[in-house]
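See structure below.
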Amino acid sequence: MTDVRARHMVPAAAALGVALAFLATGQTPVARASGDLEQLKREGACEGCDLRLSELRGLKLDAPRLAGANLRETDLKQAELRGADLSGADLRRTELERADLSGANISNASMRGVDLEKAMLDGADLSGSDLRDSDLIETSLAGADLSGTDLRGALMIRMAAGEASFRGAKMDGANLERADLMGADLSGARLPNADFDRVRAVGANFSNTDLSGARFSSADLSGANFNGAVLEGALLRRTRLVGADLSGARGLLQARLVGACGDASTKLPYGISLKTCDDMMPEDDE
């Protein structure tokens, strides 16, 4: 096939798609999206609607019902959609920067490449969703449910996810630099080669988590649980382990605890030792 013929076939195929859509519904995709948008604004609900590529920046709706809706590549920056039902929705490459989705149900959604930078998702349910290659930089996910999500390739720098659940999540190679994981549940998650530079994960649950090749640098893991965690090849440099339980961790090597410290309550595997953190040293009696 020549290049000339190929160039003519692409717009022809697109035109055929529009024609078929018109024959099926009596509306062009643009007209249908406009009608769906009016329904959403009027009723606060448009389940299964097709709103792809729509300009909805700053949209304000209380608990809108959008289950199964197609919002692919839609501009929803700074939208206020607290308590929304977006379960099963298509949010691939959707722009949700600084949007408020607190308490929303976004479970089992298709969200690959979604932009959630600085968005509010406190208490939201994202369980089972595909979040590969997503932007979660400075996203607030306090108490959110991300169990069973696919977060491979996601950027989670400075993410605030205290008390959030990542149980069983796929997070291979995740960048969690300066993230807040205080009290978070990462049990059974996959985190090989993840970057935990300056992470705060006090009281976090890493039980049965794959942390092989992970890098902890200047991290605070005080009180964290590593029972059954895989730490083969993991590096813990200048990491605080006061009160942490690593007694059941597998593959931890003394040579890869570089400048890490703990205290008398830190539990370690047989043969592993730690220096005492400076602020935990007993005071000298005068």
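Before moving on, here are some points about what is shown:
- Test: residue 112 is under 27 Å from residue 203 (Cα atoms), charged (D, E, K, R) and surrounded by fewer than 22 Cβ atoms within 10 Å (Cβ to Cβ): no
- Matching residues in region 249-269 - criterion: being in a loop (DSSP other than H, G, I, E, B) and out of contact with any Pro (no Cβ under 8 Å at 6 or more places or on another chain): 251, 253, 259, 260, 263, 264, 265, 266, 268, 269
- Which numbered condition residue 192 fails, given (1) surrounded by fewer than 21 Cβ atoms within 10 Å (Cβ to Cβ); (2) in a strand (DSSP E or B): (2)
- Selected residue [surrounded by fewer than 19 Cβ atoms within 10 Å (Cβ to Cβ) and among the aliphatic types (A, V, I, L, M)] from 235, 241, 257: 235
- Taken over region 241-258, the residue count meeting the criterion of being within 18 Å of residue 219 (Cα to Cα) and within 30 Å of the chain's Cα centre (by Cα) is 12.
- Every residue from region 27-67 that is on the phi > 0 side of the Ramachandran plot and either under 26 Å from the mean Cα position of the chain (by Cα) or modelled with pLDDT under 85 (or both): 48, 53, 58, 63
- Residue 94 under 24 Å from residue 188 (Cα atoms) and of a type in the set (Val, Ile, Thr): no
- Residue 104 passes every criterion in (1) within 12 Å of the chain's Cα centre (by Cα); (2) farther than 29 Å from residue 230 by Cα; (3) among the small types (Gly, Ala, Ser) apart from (1).
- Between 173, 183, 228, the distinction of being small (Gly, Ala, Ser), in a loop (DSSP other than H, G, I, E, B) and either touching a Cys at 6+ places or on another chain (Cβ under 7 Å) or under 19 Å from residue 268 (Cα atoms) (or both) belongs to 228 only.
- Checked against (1) in contact with a strand residue (DSSP E or B) (Cβ under 6 Å, 6 or more places away or on another chain); (2) surrounded by fewer than 24 Cβ atoms within 10 Å (Cβ to Cβ), residue 228 meets all criteria but (1).
- Pairs meeting the criteria (first residue in region 53-65 and part of a strand (DSSP E or B), second residue among the hydroxyl-bearing types (Ser, Thr, Tyr) and surrounded by 13 or more Cβ atoms within 10 Å (Cβ to Cβ), beta carbons under 9 Å, at least 6 apart or on different chains) are 55/74.
- Residue count for region 37-79, restricted to those that are among the charged types (D, E, K, R) and touching a strand residue (DSSP E or B) at 6+ places or on another chain (Cβ under 6 Å): 10.
The values are calculated or read from the model by the stated rules, or taken from the named source; none is laboratory data. From a predicted model like this one, the values you see are computed outputs, not experimental measurements. Please note: Cβ atoms are built from the backbone with ideal geometry, for glycine as well, and neighbour counts cover all protein chains shown.
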